[in-house]
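Working notes, structure below.
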Amino acid sequence: MSPSTRRADFRRYRELVAERPDLFTSGPDGIQILLDAADIAAAQRHIARRNRALGLPPASASVGVLAEDAYILALRDAIRFPDGSLGLHNRVVYTLPQGVGVLAVFQETIILIRIYRHAMRRWMLEIPRGSVEPGRSLEDTVHCEVAEEIGGTVSRMTHLGWSASDTSLCNGRLDLFHAELTEIGRPQLSEGIGDIVRVTPAEFETLLLNGGMEDGHAVAAYAKAKLRGLLP
């Protein structure tokens with residue numbers, strides 16, 4: 001299969017620099033995003049030479065917008081590393097970057113969902129989670145996600161902290177909660193949720209040890225709840 005020859009959209013990229021300067025800020029340390037035309041051209045030339053050796057087309061070294069829709073914005077930036085070397089870096093910006101993940105507990109069991117994840121192309125065990133809509137609080141989002149995904153009702157919740165996903169690629173972050181439920185219902189089939197799975201804390205740890213639990217947000221939520229004494 002030949003690699004794509006479609007170039008990133010640099011015109012739209014320049015529009016975003018003007019419209020969303022918050023996406024292109026650089027601190028005094030770390031990786032700097034290059035916005036000067038000469039600097040961008042130099043970074044593109046540098047990576048184009050490397051990519052040619054790998055058999056990749058010139059388009060693979062183009063700076064700009066790779067994809068944009070209602071959910072994500074995919075960018076390829078020209079960057080300068082702390083040692084002064086130039087490069088390109090891809091990143092995904094979520095339209096709604098904040099979300100919640102819920103370690104839901106019902107009758108002393110942890111409630112997991114068995115959900116088909118398109119990116120992974122297989123079924124996964126995860127905790128309920130979802131994006132925070134504009135104008136909605138974290139607590140309201142917890143209630144809504146639990147109700148929508150597992151038909152549950154939350155009686156009490158505790159904020160556990162935060163968890164990031166693939167920090168090398170995207171800016172997504174979840175606020176994690178421990179939530180006690182008074183009931184559970186049916187899975188949300190329209191979101192690819194096939195089953196509701198109830199496990200004891202000991203069974204969760206067995207899943208974690210044998211590879212049956214791969215959801216990093218679930219692992220983080222479990223660890224934080226355990227350290228707070230919210231789980232046996």
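Per-structure values
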| quantity | calculated |
| --- | --- |
| The stretch 3-29: number of residues that are over 15 Å from A78 (Cβ atoms), among the small types (G, A, S) and touching a residue at least 40 places away in the same chain (Cβ under 8 Å) | 1 |
| Selection within the stretch 58-68 - at pLDDT 95 or above, open to solvent by 20 Å² or more (accessible area, probe 1.4 Å) and more than 14 Å from Y94 (Cα to Cα) | S60 |
| Those strands (runs of 3 or more DSSP E) lying entirely in the stretch 99-181 with at least 2 residues of a type in the set (G, A, S) | 129-131, 153-164 |
| Cross-chain or 6+ apart pairs with Cβ under 7 Å, the stretch 47-62 first and without any contact (Cβ under 8 Å) to a residue 40 or more places away in the chain, then outside any helix (DSSP H, G or I) and of a type outside the set (S, T, N, Q) | A61/L88 |
| Given (1) over 27 Å from L73 (Cβ atoms); (2) open to solvent by less than 70 Å² (accessible area, probe 1.4 Å); (3) of a type outside the set (V, I, T); (4) modelled with pLDDT under 95, number of the condition G172 does not satisfy | (1) |
| Scope the stretch 184-232; condition hydroxyl-bearing (S, T, Y) and touching a residue at least 60 places away in the same chain (Cβ under 8 Å); matching residues | T200, Y222 |
| Members of the stretch 219-232 found to be β-branched (V, I, T) and assigned to a loop (DSSP other than H, G, I, E, B), listed by number | none |
| Positions within the stretch 92-121 being touching a strand residue (DSSP E or B) at 6+ places or on another chain (Cβ under 7 Å), surrounded by fewer than 16 Cβ atoms within 10 Å (Cβ to Cβ), over 26 Å from T182 (Cα atoms) and not polar (S, T, N, Q), in sequence order | L96, P97, Y116, R117 |
| Checking E191 against (1) over 19 Å from T141 (Cβ atoms); (2) open to solvent by 20 Å² or more (accessible area, probe 1.4 Å), the condition it does not meet | (1) |
| Count - residues of the stretch 159-168 that are open to solvent by less than 50 Å² (accessible area, probe 1.4 Å) and more than 17 Å from the chain's Cα centre (by Cα) | 1 |
| Some residue of the stretch 93-105 being hydroxyl-bearing (S, T, Y) and without any contact (Cβ under 8 Å) to a residue 12 or more places away in the chain | no |
| Single residue of the stretch 209-218 satisfying the filter (in a helix (DSSP H, G or I) and open to solvent by less than 70 Å² (accessible area, probe 1.4 Å)) that is farthest from L231 (Cα to Cα) | G216 |
| From L169, L174, L208, residue being among the hydrophobic types (A, V, I, L, M, F, W, C), within 30 Å of T25 (Cα to Cα) and in contact with a helix residue (DSSP H, G or I) (Cβ under 7 Å, 6 or more places away or on another chain) | L174 |
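Here is a yes/no grid of residues against (1) loosely packed, with under 11 Cβ neighbours inside 10 Å; (2) touching a Gly at 6+ places or on another chain (Cβ under 7 Å); (3) in a helix (DSSP H, G or I):
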position	(1), (2), (3)
R11	yes, no, yes
R14	no, no, yes
L23	no, no, yes
G27	yes, no, no
R45	no, no, yes
R50	no, no, yes
A70	yes, no, no
R76	no, yes, no
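The values are calculated or read from the model by the stated rules, or taken from the named source; none is laboratory data. If you're wondering where the values come from, they're calculated on a predicted model, not measured in any experiment. Reconstructed Cβ throughout: ideal geometry from the backbone, glycine too, with neighbour counts over all protein chains shown. These accessible areas exclude ligands, DNA and RNA; they are computed on the full protein's heavy atoms, side chains included. Shrake-Rupley method; radii C 1.70, N 1.55, O 1.52, S 1.80 Å.
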